[in-house]
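Q: Pasting in a structure now, in structure tokens, and then I'll have a few things to ask.
What follows is calculated from the coordinates using simple rules that are stated; it is not laboratory data. Predicted model, so just to flag it, every value in this text is computed and none were measured. Positions of Cβ are backbone-derived with ideal geometry, glycine not excepted, and every protein chain shown enters the neighbour counts.
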Amino acid sequence: MQIGFIGFGEAGYTIGKGLRHAGLGTLFAYDIAWQTPERGALIRRRAGEAGAKLLESPEELSGAATILISTVTCSSALEAAQQHAPYLRRGTDSQEGHVFADLNSVSPDVKRRIADVISTTGAAFVEAAVMAPVGPYGQKVPMLLGGPGAQAFVQTLEPFGMRLQILPGAGVGTAAAVKMCRSVVVKGLEALLTECVLGASEYGATEHVFASLQESYPGVDWKKLADYNINRLVVHGERRAREMEEVAETLQDAGVEPIMAAATARRQDWSARIGLKAHFPPEGPKNAAEVLAVLETLKKGALVP
């Protein structure tokens, strides 16, 4: 079965490149921005590095590949499914049907809406929740799966190193709920540690705060954890803010007021809004001290609200 990526940003490129290195033959991709002045050059370069053939339309991609993997922005996930749906087909005795896997960080409700769009075409839907950062893992990033196409997806891609766990008996939306609720903690911790360090540094109290935390939770290197989490907030703040808005929607749908999720989204968005990422190399700051130094410079220029 031929593999095609819908969207070839960081996630699609990293997973696709890993699959190719693991021995996958042909790889196709379609990205709505591949010919735009803003992002086209980057997408084309990544396609070249990953050995992916860029196609010009959803129709071309659906004609070339039978397994479609959607790795777009969370706000575009449903639209991407709708754009490709007219070109998907059910399998027959003489022709393979499509498998459509959505890897985007969206709420369970959005996953179910995407599943409805795909199921009306006869294609098999796969809900995939990516449970760790893609960068360090490549195609081996752990994923939780659900949906009628999950078994075929596993059988095709597990031989290339993908770590895929089907949630037995789970309906569409369960894997997304796992990821969303986990994000309350994971991305919330990024926001908490950033805010802690921002405040403590103003009072010269940072090392004392870490020492106190170390005594309360001796199994954790709090300075190292803060450096890592603040790096993640700086590098991925904008995307994480949008993901936390999906988390808030998930909680609201469950009747839970998203107090912490909404606050986390605000702190993540703060990093994007003041443009912290632009002051560091692509891998981000080495530690919290570098971020504090940049913030001090920005404050002098009255650029930090």
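Q: How high is the relative contact order of segment 8-60, in percent, with contacts defined as C-alpha pairs under 8 Å that are six or more residues apart? It would help to have the intermediate numbers written out before the result.
A: Working: 54 pairs, mean separation 22.6, N = 53.
Computed value for segment 8-60: 43 percent relative contact order.
Q: What size of dipole, in debye to the nearest 20, comes out for segment 1-112 about its Cα centre when the only charges are +1 on Lys and Arg C-beta atoms and -1 on Asp and Glu C-beta atoms? Write down the numbers at each step before the final one.
A: Working: 11 positive and 12 negative charges, 54 e Å.
Computed about the Cα centre, the dipole is about 260 debye.
Q: How many angstrom lie between the Cα centre of segment 228-305 and the Cα centre of segment 175-217?
A: 13
Q: Also, quick follow-up: Between 0 and 90 degrees, rounded to the nearest ten: what's the tilt of helix 40-50 against the longest Cα principal axis of the chain?
A: 70
Q: Evaluate the relative contact order of the chain (contact order divided by residue number), counting alpha-carbon pairs under 8 angstrom at least 6 apart; express in whole percent.
A: On the way: 523 pairs, mean separation 40.5, N = 305.
Taking the mean separation of contacting Cα pairs over the length of the chain, I get 13 percent.
Q: Among Gln165, Met180, Ala47, flag the residue with its Cα farthest along the positive direction of the charge dipole of the chain, charges on Cβ as +1 for Lys/Arg and -1 for Asp/Glu.
A: Positive-end residue among those listed: Ala47.
Q: Among Ala129, Tyr228, Ser75, which residue has its Cα furthest toward the positive end of the charge dipole of the chain, with +1 on Lys/Arg Cβ and -1 on Asp/Glu Cβ?
A: Among Ala129, Tyr228, Ser75, the one farthest towards the positive end of the dipole of the chain is Tyr228.
Q: Right, next: Using +1 on the beta carbon of Lys and Arg, -1 on that of Asp and Glu, and nothing else charged, what's the dipole of the chain about the Cα centre, debye to 20?
A: With only Lys, Arg, Asp and Glu charged at Cβ, the dipole is about 500 debye.
Q: Just check segment 1-107 against the gyration tensor rule for me: Cα atoms, a ≥ b ≥ c as the square roots of the eigenvalues, rounded for a/c under 1.5, and otherwise prolate or oblate depending on whether a/b exceeds b/c. Before the final figure, lay out each step's value.
A: Numbers: a/c = 1.62, a/b = 1.23, b/c = 1.31.
In terms of gyration-tensor shape, oblate.
Q: Continuing with this model, one more query. Taking DSSP loops as anything outside H, G, I, E and B, show the longest stretch in the chain free of GluC sites (Glu not before Pro) there with at most 15 other beta carbons within 10 Å.
A: Value returned for the longest uninterrupted segment is 97-282.
Q: Specify the angular offset, from 0 to 90 degrees and rounded to the nearest 10, of the alpha carbon long axis of helix 288-300 from the longest principal axis of the alpha carbons in the chain.
A: Between the helix axis and the principal axis of the chain, the angle is about 70 degrees.
Q: Run the quick spin-label model on Ile259 and Arg90: label points 7 Å from Cα toward the beta carbon, then report their separation in nm to one decimal.
A: Between Ile259 and Arg90, the label points sit 5.0 nm apart.
Q: Could you tell me which trypsin sites (Lys or Arg not before Pro) in segment 245-305 are loop residues by DSSP with no more than 16 other beta carbons within 10 angstrom of their beta carbon? Numbers along the way, then the final one.
A: On the way: sites: Arg266, Arg267, Arg273, Lys277, Lys286, Lys299, Lys300; in loops: Lys286.
Filter output for segment 245-305: Lys286.
Q: Find which of Gly284, Val256, Gln268 sits farthest along the positive direction of the dipole of segment 239-305, computed with +1 on the beta-carbon of Lys and Arg, -1 on that of Asp and Glu, about the Cα centre.
A: Farthest along the dipole direction, towards plus: Gly284.
Q: Still on this model: What shape does segment 193-305 take by its C-alpha gyration tensor, where a ≥ b ≥ c are the square roots of the eigenvalues and a/c under 1.5 counts as rounded, a/b above b/c as prolate, and the rest as oblate?
A: Numbers: a/c = 1.87, a/b = 1.19, b/c = 1.58.
The shape class here is oblate.
Q: Quick one: check the C-alpha center-to-center distance for segment 100-135 versus segment 1-54, whole angstrom.
A: If you average the Cα positions of each part, the centres end up 19 Å apart.
Q: Under 13 Å from the Cβ of Gln268, count the other residues' Cβ atoms, weight Lys and Arg +1, Asp and Glu -1, and hand me the total. Please list the in-between numbers first.
A: Working: positive: Lys187, Arg232, Arg239, Arg240, Arg242, Arg266, Arg267, Arg273, Lys277; negative: Glu190, Glu195, Glu238, Glu243, Glu245, Glu246, Asp269.
Summing Lys/Arg as +1 and Asp/Glu as -1 gives +2.
Q: Which whole-number percent is the relative contact order of segment 1-119 (Cα, under 8 Å, 6+ apart)? Numbers along the way, then the final one.
A: Numbers: 194 pairs, mean separation 32.2, N = 119.
Answer for segment 1-119 is 27 percent.
Q: To continue, here is another question. Enumerate the calculated ³J(HN,Hα) couplings along segment 76-91 in order (Karplus 6.51 cos²θ - 1.76 cosθ + 1.60, θ = phi - 60°), each rounded to whole Hz, writing x wherever the residue is Gly or Pro.
A: Working through the residues one at a time gives 9, 4, 5, 4, 4, 5, 5, 5, 8, 3, x, 10, 8, 9, 7, x Hz.
Q: Can I ask one more? From the phi of every residue in segment 242-248, what ³J(HN,Hα) in whole Hz does the Karplus formula 6.51 cos²θ - 1.76 cosθ + 1.60 yield, where θ is phi - 60° and glycine or proline is x?
A: 5, 5, 5, 5, 5, 4, 4
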